[in-house]
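All remarks here apply to the structure that follows.
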Amino acid sequence: EIYQREAFMGLDAGVRRNLELFETLRGREKRGSLLWVLDHTRTAMGGRCLRQWMEKPLLNPLTIRRRLLAVDCLCRETLAREELSRALSGMSDLERLIGRVALGTANARDLRAIAAAAEKLPAVRAVSEGLDSELLRGLTEDIDELRDIREAVEAAIVDEPPLGLKDGGLIRPGYDAEA
């Protein structure tokens with residue numbers, strides 16, 4: 001995503017501190033801050049997203065309304081919210097894992113973690129498609145289930161790969177990329 005500075009309210013360090021957004025004034029602890037109260041996220045990605053939303057409040061009333069309607073939808077749709085929570089539970093941090101792949105620092109366990117997370121994406125999509133929110137439906141349409149990546153990883157890499165490449169034994173016996 002392209003970051004557009006004018007789309008967000010600027011909050012300097014003093015304002016953040018006095019509003020106790022991320023830590024309390026007295027103890028400088030997360031416990032008791034607004035983030036601590038609001039953060040019921042199930043994944044590291046969700047936690048980062050919430051923190052970013054708090055660090056950079058929106059300015060556009062239409063964008064704010066779309067986000068509020070999405071939150072309202074999830075508050076009203078208790079069963080769907082719980083299903084979504086279950087689908088996301090235990091999901092690895094795809095943003096960080098994909099970042100490692102892009103930087104060329106990913107290992108075989110990272111690839112297995114991506115495949116395991118990708119396995120959860122169809123359930124996330126199925127639950128999200130039925131929600132009554134324009135924003136959530138739009139996000140659902142953008143979900144790439146990574147089926148091709150998951151299948152390639154599952155076909156090529158053993159279930160419990162070693163940490164380092166030098167250890168060997170990470171490719172499944174009989175796997176042939178040319179076949």
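The values are calculated or read from the model by the stated rules, or taken from the named source; none is laboratory data. Predicted model only: the values in this text are computed from it and were never measured. In this analysis, Cβ positions are derived from the backbone assuming ideal geometry, glycine residues included, and neighbour counts consider all displayed protein chains. These accessible areas exclude ligands, DNA and RNA; they are computed on the full protein's heavy atoms, side chains included. Shrake-Rupley method; radii C 1.70, N 1.55, O 1.52, S 1.80 Å.
A few points about this structure:
Residue-by-condition table, conditions (1) hydroxyl-bearing (Ser, Thr, Tyr); (2) assigned to a helix (DSSP H, G or I); (3) at pLDDT below 95:
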{"position": "LEU25", "(1), (2), (3)": "no, no, yes"}
{"position": "HIS40", "(1), (2), (3)": "no, no, yes"}
{"position": "MET45", "(1), (2), (3)": "no, yes, yes"}
{"position": "CYS49", "(1), (2), (3)": "no, yes, yes"}
{"position": "ARG65", "(1), (2), (3)": "no, yes, no"}
{"position": "LEU68", "(1), (2), (3)": "no, yes, no"}
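- So ARG147, is it open to solvent by 90 Å² or more (accessible area, probe 1.4 Å) and of a type outside the set (S, T, N, Q): yes
- Applying the condition of being more than 30 Å from ARG86 (Cα to Cα) and in contact (Cβ under 8 Å) with a residue 40 or more places away in the chain to the range 1-45 and asking which residue is most open to solvent (accessible area, probe 1.4 Å) yields GLU6.
- Qualifying residue in the range 103-117 (condition: in a helix (DSSP H, G or I), exposed (fewer than 15 other Cβ atoms within 10 Å of the Cβ) and either without any contact (Cβ under 8 Å) to a residue 40 or more places away in the chain or among the β-branched types (Val, Ile, Thr) (or both)): yes
- Selection count where residues are open to solvent by 30 Å² or more (accessible area, probe 1.4 Å) and among the hydrophobic types (A, V, I, L, M, F, W, C), scope the range 118-135: 3
- Scope the range 105-130; condition within 14 Å of the chain's Cα centre (by Cα) and more than 27 Å from LEU74 (Cα to Cα); matching residues: ALA113
- Residue match in the range 169-176 (condition: of a type in the set (Lys, Arg) and in a helix (DSSP H, G or I)): no
- Checked against (1) touching a helix residue (DSSP H, G or I) at 6+ places or on another chain (Cβ under 9 Å); (2) closer than 27 Å to ARG96 by Cα; (3) surrounded by fewer than 15 Cβ atoms within 10 Å (Cβ to Cβ), GLN52 passes all but a single condition, namely (1).
- Where a residue in the range 75-96 is farther than 18 Å from LEU136 by Cα and open to solvent by 30 Å² or more (accessible area, probe 1.4 Å) and its partner, wherever it lies, is among the charged types (D, E, K, R) and not in a helix (DSSP H, G or I), with Cβ under 8 Å and at least six apart: SER89/ARG42
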